[in-house]
Amino acid sequence: QVQLVESGGGLVQAGGSLRVSCAASGSIFIINTMGWYRQAPGKQRELVAVITNGGTTLYVDSVKGRFTISKGNAKNTVYLEMNSLKPEDTAVYYCVARVATMTQRTPTDYWGQGTQVTVSS
């Protein structure tokens, strides 16, 4: 019912920048929050940043001051601007959206397929 498509991952040197994007589509009534998780090899998936429908943002401490989450001009899109990247930021980044659909008004989390971000030292 809801599809999330991420783009923009890649390889960058330490200190560099990348922007990843996520676009949600489908039978969407309302999106309450959109955010990004990441999972590095051998580690648990962790929340990186989230933005609410009202624009409130939340970041994990390790990315504060370096990453910025924002809504796109296009409807149901979100960006994660990543600056001053470190090798420890290397992970698969997953977009997640908490969505109430036209047929299911109880919000449910939907996930994208993930995009690889690799930071070389």
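The values are calculated or read from the model by the stated rules, or taken from the named source; none is laboratory data. Not measured: the values here are computed from a predicted model. A quick note on method: Cβ atoms are made from the backbone with ideal geometry, for glycine too, and the neighbour counts reach across all protein chains shown. Calculation scope for accessible area: heavy atoms of the full protein, side chains included, ligands and nucleic acids excluded. Shrake-Rupley method; radii C 1.70, N 1.55, O 1.52, S 1.80 Å.
Structure values in brief
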{"quantity": "Distant-in-sequence amide H partners of Gly114 (H built 1.01 Å from N, under 5 Å)", "calculated": "Glu6, Cys95"}
{"quantity": "Scattering profile of region 30-80 at q = 0.15, 0.18 Å⁻¹ [log10 I(q)/I(0), Debye over alpha-carbon scatterers]", "calculated": "-0.42, -0.58"}
{"quantity": "Point-to-point label distance, Val5-Asn73, nm (Cα→Cβ direction, 7 Å offset)", "calculated": "2.0 nm"}
{"quantity": "Apportionment of accessible area to carbon and sulfur, the chain, percent (1.4 Å)", "calculated": "50 percent"}
{"quantity": "Local net charge near Gly54, Cβ-Cβ under 15 Å (Lys/Arg +1, Asp/Glu -1)", "calculated": "+2"}
{"quantity": "Segment Leu47-Ser27, extension gain: residue separation times 0.36 nm, minus the distance between their alpha carbons", "calculated": "4.7 nm"}
{"quantity": "For the chain, radius of gyration divided by Kirkwood radius, i.e. Rg to Rh on alpha-carbons", "calculated": "0.98"}
{"quantity": "Candidate lysines for bridging to Lys86, where Cα separation is under 19 Å - those fewer than 8 sequence places away on the same chain excluded", "calculated": "Lys43, Lys64"}
